[in-house]
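Below: one structure, written as structure tokens.
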Amino acid sequence: MVSQTGEVIRLRPPRFSDFQDWRRIRLRDRALIEPFWASSSLSWEERHTQEHWVRECLHLRSSRRSLGFVIEVDGCFAGQIGLSGIDPVSRSAEMSIWMDSTAGGRVIGHIAGSMLMDHAFTVLGLHRITAPICVDNLAAARGADRIGFVREAIMKSSFAAGGRRKDHILFAMTADRVPDEGLAARWSDPTVPVVHTRQSVGRGLSPRCLVAGCRFVLGTTKRLARGRAALQVAPVTLGGLFLRPVRDLPRPPGRHGRRAGECLLEGAWQPTSPWAGWSGHAFGYHVEKDGAHLGTVGFGPLDLVRHDATMRVDAIGGHSHRALLPAAEWVLGRAFDVLGIERVQTGVDSCNAAAADFARELGLSREGRMHGITTRDRRLRDLDLWAAVAGSASVNDPQMHDRVST
């Protein structure tokens, strides 16, 4: 695409041969990128080796939940942009971008973001794209505002960036807010047609690249093994309740196959890291009392890489709300104390006062309202975002653990 200032902006798949440009820019712009980039135990230099670049390229080639591109300006490497947590069921994804500082101030990032969202809404059929931005990243927030993102919530301790977990603003764009001509048309030169070209992804592999590829596969296998080990669960007796573990959280059965009761806390709507599925996409418990099924509590998804989880609670009838609360409290405590989760979030139907009361009693706090969520019943709804973070007094009640036996 040609911008209004005459620059040619193109998105293409990353190549192994991009390594030197990627490393040079990332090291030079460390002070601008690192405070808002995912935390790591490695130094900035150690995170920008050829091995890490090859692993990133291989991951983008193999993942069905991620889509990543290099941003080219007049044929030169100028940054990266991508979607993660692509979910065809919830029709959502999360967008991230970083730019070469020398290309800043010329709306190139706006154009790249608009081009990717146009592709996501039309070709991929997504309805909602989110972009969490650190509250301290004022430049990125201004850019999101200018593109047309809507500020929906302030997410407490939502992501570990620059060495510690930080609050992030949840920005979102939905397909119904996109003009007929698309988002990118606003920034482009209308006299120059858009040309789509197929790009080489650099198939030649050096010995070092082959070693990095093997390590990538082995690392993926280890993540899966660790996730499965951490999620080993057993039946639990909690007061008069019996919690029976399940690996998935199906809908409560109703008459003639229809759902009975209601969903108090929504799961499986929030884009997560591509590793969420490896970590154990969903797990929880059927909750029973005196042989009667009261509902289910659990997480879907659970992300052991980001150390966050999305909680879900289904109730069979309004009378079971109070009965499910101890089970939900115990599961929440297990997430923080046993699995090392730092943040638990959930969606509550903005019209469901009973669900909001349940979330409040559980110790969660409302952070904002999310629009255009495709929920599990395939309807578009607005959900209020509720969350709790590790260390909150309401989710660290030692008496709760004393009441549990396994």
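The values are calculated or read from the model by the stated rules, or taken from the named source; none is laboratory data. All figures in this text were calculated on a predicted structure; none of them were measured in a lab. Every residue, glycine among them, receives a Cβ derived from its backbone with ideal geometry; neighbour counts consider all protein chains shown.
Here are the numbers:
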{"quantity": "Within segment 118-168, tally of residues that are of a type in the set (F, W, Y) and over 16 Å from the mean Cα position of the chain (by Cα)", "calculated": "2"}
{"quantity": "Flag if T130 is of a type in the set (V, I, T) and either within 27 Å of R165 (Cα to Cα) or in a strand (DSSP E or B) (or both)", "calculated": "yes"}
{"quantity": "Pairs where the first residue, in segment 71-84, is under 12 Å from T102 (Cβ atoms) and in a loop (DSSP other than H, G, I, E, B) and the second is of a type in the set (G, A, S) and at pLDDT 95 or above, C-beta under 8 Å, 6+ apart", "calculated": "none"}
{"quantity": "Members of segment 52-66 that are outside any helix (DSSP H, G or I) and either modelled with pLDDT of 95 or more or charged (D, E, K, R) (or both)", "calculated": "R64, R65"}
{"quantity": "Filtered residues of segment 346-361 (kept if surrounded by 23 or more Cβ atoms within 10 Å (Cβ to Cβ) and of a type in the set (A, V, I, L, M))", "calculated": "V348, A355, A359"}
{"quantity": "Criterion (among the small types (G, A, S), more than 21 Å from G113 (Cβ to Cβ) and more than 26 Å from the chain's Cα centre (by Cα)) met by exactly one of S62, S17", "calculated": "S17"}
{"quantity": "Whichever residue in segment 299-317 is in contact with a His (Cβ under 8 Å, 6 or more places away or on another chain) and assigned to a strand (DSSP E or B) and, among such residues, is farthest from R165 (Cα to Cα)", "calculated": "A315"}
{"quantity": "Evaluation of L183 against (1) crowded, with 21+ Cβ neighbours inside 10 Å; (2) within 15 Å of the chain's Cα centre (by Cα); (3) of a type outside the set (S, T, N, Q) (one fails), failing number", "calculated": "(2)"}
{"quantity": "Any hit, segment 318-333, residues being touching a strand residue (DSSP E or B) at 6+ places or on another chain (Cβ under 9 Å), in the same structural domain as L241 (by TED's automatic domain parsing), touching a residue at least 12 places away in the same chain (Cβ under 8 Å) and part of a loop (DSSP other than H, G, I, E, B)", "calculated": "no"}
{"quantity": "For A112: the one exception among (1) within 15 Å of R12 (Cβ to Cβ); (2) small (G, A, S); (3) in contact with an Asp or Glu (Cβ under 7 Å, 6 or more places away or on another chain)", "calculated": "(3)"}
{"quantity": "Residue tally, condition surrounded by fewer than 19 Cβ atoms within 10 Å (Cβ to Cβ) and more than 17 Å from V178 (Cβ to Cβ), over segment 105-136", "calculated": "4"}
